[in-house]
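Participant: The structure under discussion is supplied below as structure tokens; questions concerning it will follow.
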Number of protein chains: 2
Amino acid sequence: MPGNTFPLTVAIATLLLAAHACAETDARASVTTQTRTWRKAHERAIVDELTEFLSIRNVATNVDDMRRNAAYAEQMLARRGFRTRQLSAATDAPPAVFGELLTPGAHRTLIFYAHMDGQPAPVQAWLTDPWRPLLRDGPLRNGTATVVDPTAAAIFDPQWRIYARSASDDKGPIVALAAALDAVRAAGRKPSINIKVLFEGEEERGSPHLAALLDMNRDLLDADAWVLCDGPVHSSRRMQMFFGARGMLGVEMTAYGALRPLHSGHYGNWVANPAVALAHLIAELRDEHGRILIPGFYDDVRALTDDERAALAALPEVETDLQRELGIARPESDLRLADRLMAPALNVRGLAAGNVGADAENAIPTQARLSIDFRLVPGQTERRVRERVEDFLRAQGWWIVRDEPRSDERLAHPKIMRVTWAAGYSGERTDMTLPVSRAIAATLDRTREQPVIKIPMLGGSVPMSLFADHTGRPVLGVPIVNHDNNQHGSNENLRLQNLWDGIEVYAALFTDLDW
Amino acid sequence: MPGNTFPLTVAIATLLLAAHACAETDARASVTTQTRTWRKAHERAIVDELTEFLSIRNVATNVDDMRRNAAYAEQMLARRGFRTRQLSAATDAPPAVFGELLTPGAHRTLIFYAHMDGQPAPVQAWLTDPWRPLLRDGPLRNGTATVVDPTAAAIFDPQWRIYARSASDDKGPIVALAAALDAVRAAGRKPSINIKVLFEGEEERGSPHLAALLDMNRDLLDADAWVLCDGPVHSSRRMQMFFGARGMLGVEMTAYGALRPLHSGHYGNWVANPAVALAHLIAELRDEHGRILIPGFYDDVRALTDDERAALAALPEVETDLQRELGIARPESDLRLADRLMAPALNVRGLAAGNVGADAENAIPTQARLSIDFRLVPGQTERRVRERVEDFLRAQGWWIVRDEPRSDERLAHPKIMRVTWAAGYSGERTDMTLPVSRAIAATLDRTREQPVIKIPMLGGSVPMSLFADHTGRPVLGVPIVNHDNNQHGSNENLRLQNLWDGIEVYAALFTDLDW
């Protein structure tokens, strides 16, 4: 009964398909399961390796320190069979570490990026030495948390955190990558792709040599896509993936007053006060709602696509909890956090003039200093932003100098500003609909119980634009660290559960990718 | 010929009058000449006494230090035959030193005021230790000047300067008063008045106990007038006398942001930046031309009299040289310096948030601090200024707290400012036409080749209003120190010629006053 055979055939085919899908799902689920099982048996070793790495001072301005970090990272890779090399674009720059692990038969290559350097950490602002890592039983509460002794613990509480400069930004992800490979191998699996890594040594300085490094090592660093292992997961603690990141650009400004400190009674009201002039400039540069007031500043900004808008609209609500957690009554804008992070930003990271408190003298300061970090978005270039800022300064009557002003300059120009730009880079957004974008997103979704959050562009800066501009390859971000890690501030930390999750996610990317 | 006798009588009378006037002028001139002669023979001893006094640390917050200063000043007076007492209005306050030297037959009494304490002196900002006085061969040029060894010098160059905290403000005048008395006695003269002195120990803190001290010692401190020995001479280096002084009022403000430092990329543009809010507040408080923008702030200001206006108009031009000396292209106002000092002033003496330069972190600061000193003029009271400032803060949306904000306050108020006022005092102007005003002015004029400059009100603050309000006596100022003394700043100094002139001026006031 041919009439009857058809349904049976369909049924068998359906069954076979279902069995295949199931087997595939099982196989994919099992890398996560296997990784978890392995990790639970090796937590102390993973934490020990991270602790050792975090004990090496890593402010990028100290090249010797960064060489020690590079040597350590290179050994981590070599121990795991990577072919390694240190890369340098300048003899006095911190070296980067490259590693390559080929998979016979693999037709795709991913290159994983992370950085070994950290922000400066003024020791007096930290509860303990930023380069003497220790575990505490959670986030700081009223500035304190209980220190735990890992050697005395039978099991590690996943809410514990490891405190040290770069615990989260960005040594934690490097150790997660290494542990993920260990887990994959322990499970008897082999990667489905060729794996390359690039660990940079001066990201927090604005990656001044990264462009040259990419240009000089074009073949070595070539891959189908970059995976950036930097930045935090979503503030809801759900895993996230980002397709872009704002760029950054730092600038130091010094406004000058009289040659010597002057009694504010005998001269105040007649000799200009550089601290006041600087305050006026800040008020002219941006309003209290974060809007940058420099004319035309937003003209270059590339608009969001419909896909990107839809991704933003799908993000979970975080604002209410975040306000409570941060102790703020109101954000500076009525827009949602994620929407605000799509725009360029001007942050006053430092202000200094005269003295405050018990040291305050009744004098007119001779200078006032302002430190700003800009966040840039696609469409804006560093050059154009520098021009717009300096044009604006000149329009406000400032005479721009690059060194200490000379006497003749002081007498010729009533408002003098020394302006020093740091190296920076533009913002970048990778197309969310590319095959590699979809493949990575799908793999990540399969490792988690909830779908991974897709962010069109991260608020924080990773030099995605440099990778895109200098290699022409798509750039995607898969961060793993907790959002409340005090990154860039004092008492930076990494929550252990984030480290564990990161190992699972990277293991899945090593073994399960196909597009 | 009676017709002829009249002219002869008139001629004789005229001759007699002229001779008398001439003798009187000679007698008066000679106290200056005699003082000068004596001083030239005793320069090293005078400088030694000042050096010893300046070696005693004298920040008013350290009461023990101030007790050592009081003991030293008391011994200076006792050695010269003064009846002395230490006066205290509170057990934990720096004591003041009172001294009295009666002149048999004198029917007038002057009380000379000076202060022993100095502004804080952050050691790292000074070329040498602020409390290890030394002589240099002039003002600092490019931050340096040659140190001279007084023991090796046959004569002292009057352009030499003694460098130390309080060399000018205000221990130099105390030593000048003592030396003036030594000179008068060495010349075999006796004072024409009863001399009282009051040396305060906490003027730079805003004289928090002076009012109580005046009230508690009303009879002891009574005199026909106060002569304040504080502040600098005119910037033309001509001797000056002042009939008033602006008052002062200090305030510390702290604006609060999130509870912890936040990555400026991941939160910047959404979490408010307290440094930006503070900059906007400063721009709202005053413009770049020194005008205070708080509504009604100038309403209480008492207008100048015609005499005061005339005195201001008679002041020498100083602005051109001063601009060159200070390295400024333009003052912040088109008005003359002296005219500007007749108005209230708001000086930003300190600003601090986050970090600048190599220590700058890409983080949103958790707080921003502002230190302001106000200068007040007659008609304004401290209470009223505090009210106007706080009303203005509230109108700008600030919630004012007196301590660290609590969690519930943080969550209830988007803009929180901690406001801490220091003690201060009002401005004061004594009538320039009073007999004692005219008598002192005339005596000073006679000691100098050029008439002494008469300033209706000094820009700097001395607590004249407290003296006037609490004793009901006229208050006048006879300063002696150089205007370019770096008073309140680093590397404070006293030019020797000013010390020598001061001794002559005070000697004349001791011996030549009559009204």
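The values are calculated or read from the model by the stated rules, or taken from the named source; none is laboratory data. Everything numeric in this text was worked out from a predicted model, so none of it was measured. Cβ: placed from backbone, ideal geometry, glycine included. Neighbour counts: every protein chain shown.
Participant: For the condition crowded, with 19+ Cβ neighbours inside 10 Å and within 30 Å of the chain's Cα centre (by Cα), what is the one hit in B:Val419, B:Val385? Don't jump to the end; show me each part of the working.
Facilitator: Values: B:Val419 fails: crowded, with 19+ Cβ neighbours inside 10 Å.
Only one candidate passes the filter, namely B:Val385.
Participant: Here's another thing I want to ask about it. Just name the residue that is farthest from A:Pro414 (Cα to Cα) out of those in segment A:330-342 that are surrounded by 20 or more Cβ atoms within 10 Å (Cβ to Cβ) and within 7 Å of chain B (Cβ to nearest Cβ).
Facilitator: From segment A:330-342, those surrounded by 20 or more Cβ atoms within 10 Å (Cβ to Cβ) are A:331-332, A:337-338, A:340-342; that's our starting set.
Now narrow it down to the ones that are within 7 Å of chain B (Cβ to nearest Cβ): A:331-332, A:337, A:340-341.
Details: A:Pro331: 37, A:Glu332: 34, A:Leu337: 40, A:Arg340: 37, A:Leu341: 37 Å.
Across segment A:330-342, the extreme among qualifying residues is A:Leu337.
For (1) part of a helix (DSSP H, G or I); (2) touching a helix residue (DSSP H, G or I) at 6+ places or on another chain (Cβ under 8 Å); (3) under 27 Å from B:Asp137 (Cβ atoms), each residue gets a yes or a no:
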{"residue": "B:Met432", "(1), (2), (3)": "no, yes, no"}
{"residue": "B:Ser437", "(1), (2), (3)": "yes, no, no"}
{"residue": "B:Arg446", "(1), (2), (3)": "yes, yes, no"}
{"residue": "B:Gln487", "(1), (2), (3)": "no, yes, yes"}
{"residue": "B:Gln497", "(1), (2), (3)": "yes, no, yes"}
{"residue": "B:Ile503", "(1), (2), (3)": "yes, yes, yes"}
{"residue": "B:Tyr506", "(1), (2), (3)": "yes, yes, yes"}
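Participant: If you don't mind, another one. How many residues does segment B:391-410 contain that are among the basic types (Lys, Arg) and more than 22 Å from A:Glu325 (Cβ to Cβ)?
Facilitator: Residues flagged as among the basic types (Lys, Arg) and more than 22 Å from A:Glu325 (Cβ to Cβ) within segment B:391-410 amount to 2.
Participant: Do you know which of the residues in segment B:455-481 that are surrounded by 24 or more Cβ atoms within 10 Å (Cβ to Cβ) and in a loop (DSSP other than H, G, I, E, B) is nearest to the chain's Cα centre (by Cα)?
Facilitator: Looking at residues that are surrounded by 24 or more Cβ atoms within 10 Å (Cβ to Cβ) and in a loop (DSSP other than H, G, I, E, B), I get B:Val462.
Participant: Next question. Of these, A:Val251, A:Val233, which one is of a type in the set (Val, Ile, Thr) and farther than 30 Å from B:Gly327 by Cβ? I'd like the intermediate steps shown before the answer.
Facilitator: Numbers: A:Val251 fails: farther than 30 Å from B:Gly327 by Cβ.
The conditions single out A:Val233.
Here's the yes/no breakdown for (1) at pLDDT 95 or above; (2) within 14 Å of chain B (Cβ to nearest Cβ); (3) at positive phi:
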{"site": "A:Val478", "(1), (2), (3)": "yes, no, no"}
{"site": "A:Gln487", "(1), (2), (3)": "no, yes, no"}
{"site": "A:Glu492", "(1), (2), (3)": "yes, yes, no"}
{"site": "A:Trp500", "(1), (2), (3)": "yes, no, no"}
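Participant: Hey, another quick one. Mind checking whether some residue in segment A:179-188 is in contact with a His (Cβ under 6 Å, 6 or more places away or on another chain) and among the acidic types (Asp, Glu)?
Facilitator: Step one: filter segment A:179-188 for residues in contact with a His (Cβ under 6 Å, 6 or more places away or on another chain), giving none.
No, every residue in segment A:179-188 fails to be in contact with a His (Cβ under 6 Å, 6 or more places away or on another chain) and among the acidic types (Asp, Glu).
Participant: Still on this structure: Is it true that B:Val385 is within 7 Å of another protein chain (Cβ to nearest Cβ) and in contact (Cβ under 8 Å) with a residue 60 or more places away in the chain? Give the steps one after another, and end with the answer.
Facilitator: Details: within 7 Å of another protein chain (Cβ to nearest Cβ): no; in contact (Cβ under 8 Å) with a residue 60 or more places away in the chain: yes.
So B:Val385 does not fit the description; no.
Participant: Taking the condition of being touching a residue at least 60 places away in the same chain (Cβ under 8 Å), of a type in the set (S, T, N, Q) and part of a strand (DSSP E or B), how many residues in segment B:325-372 meet it?
Facilitator: Here the count works out to 2.
Participant: Scanning for something in contact with a strand residue (DSSP E or B) (Cβ under 8 Å, 6 or more places away or on another chain), without any contact (Cβ under 8 Å) to a residue 12 or more places away in the chain and of a type outside the set (Val, Ile, Thr), does segment B:391-405 turn up at least one residue? Show your work before the answer.
Facilitator: First pass over segment B:391-405, keeping only residues in contact with a strand residue (DSSP E or B) (Cβ under 8 Å, 6 or more places away or on another chain): B:393-394, B:398-405.
Now drop any that are not without any contact (Cβ under 8 Å) to a residue 12 or more places away in the chain, which leaves B:394.
With the extra rule that they be of a type outside the set (Val, Ile, Thr), the set shrinks to B:394.
Yes, segment B:391-405 contains a residue that is in contact with a strand residue (DSSP E or B) (Cβ under 8 Å, 6 or more places away or on another chain), without any contact (Cβ under 8 Å) to a residue 12 or more places away in the chain and of a type outside the set (Val, Ile, Thr).
Participant: Still on this structure: Among the residues of segment A:315-329, which ones are within 7 Å of chain B (Cβ to nearest Cβ) and among the hydrophobic types (A, V, I, L, M, F, W, C)?
Facilitator: A:Leu326, A:Ile328, A:Ala329
Participant: Limited to segment B:229-271, what total is found for residues that are surrounded by fewer than 24 Cβ atoms within 10 Å (Cβ to Cβ), of a type in the set (D, E, K, R) and outside the structural domain of B:Arg410 (by TED's automatic domain parsing)?
Facilitator: Residues flagged as surrounded by fewer than 24 Cβ atoms within 10 Å (Cβ to Cβ), of a type in the set (D, E, K, R) and outside the structural domain of B:Arg410 (by TED's automatic domain parsing) within segment B:229-271 amount to 2.
Participant: So if I check each of A:Gly379, A:Gly350, which one is buried (at least 23 other Cβ atoms within 10 Å of the Cβ) and either more than 7 Å from chain B (Cβ to nearest Cβ) or modelled with pLDDT of 95 or more (or both)? Explain how you work it out, then say what you get.
Facilitator: Details: A:Gly379 fails: buried (at least 23 other Cβ atoms within 10 Å of the Cβ).
The conditions single out A:Gly350.
Participant: All but one of (1) in contact with a helix residue (DSSP H, G or I) (Cβ under 7 Å, 6 or more places away or on another chain); (2) surrounded by fewer than 24 Cβ atoms within 10 Å (Cβ to Cβ) hold for A:Pro208; state the number of the condition that does not hold.
Facilitator: (1)
Participant: List the strands (runs of 3 or more DSSP E) inside segment A:65-182, counting only whole elements, that have at least 3 residues being under 22 Å from the mean Cα position of the chain (by Cα). Let's see the steps before the verdict.
Facilitator: Details: elements: A:83-87, A:96-101, A:109-115, A:134-136, A:161-163.
Fully inside segment A:65-182 and qualifying: A:96-101, A:109-115, A:161-163.
Table: residues versus (1) modelled with pLDDT of 95 or more; (2) part of a loop (DSSP other than H, G, I, E, B); (3) within 21 Å of A:Glu361 (Cβ to Cβ); (4) aromatic (Phe, Trp, Tyr).
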{"residue": "B:Phe374", "(1), (2), (3), (4)": "yes, no, yes, yes"}
{"residue": "B:Phe392", "(1), (2), (3), (4)": "yes, no, no, yes"}
{"residue": "B:Glu404", "(1), (2), (3), (4)": "yes, yes, no, no"}
{"residue": "B:Thr420", "(1), (2), (3), (4)": "yes, no, yes, no"}
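Yes/no per residue for (1) at the interface with chain B (Cβ under 8 Å from one of its Cβ atoms); (2) buried (at least 18 other Cβ atoms within 10 Å of the Cβ); (3) touching a Phe, Trp or Tyr at 6+ places or on another chain (Cβ under 8 Å):
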position: A:Asn273; (1), (2), (3): yes, yes, no
position: A:Pro295; (1), (2), (3): no, no, yes
position: A:Asp307; (1), (2), (3): no, no, no
position: A:Ala360; (1), (2), (3): yes, yes, no
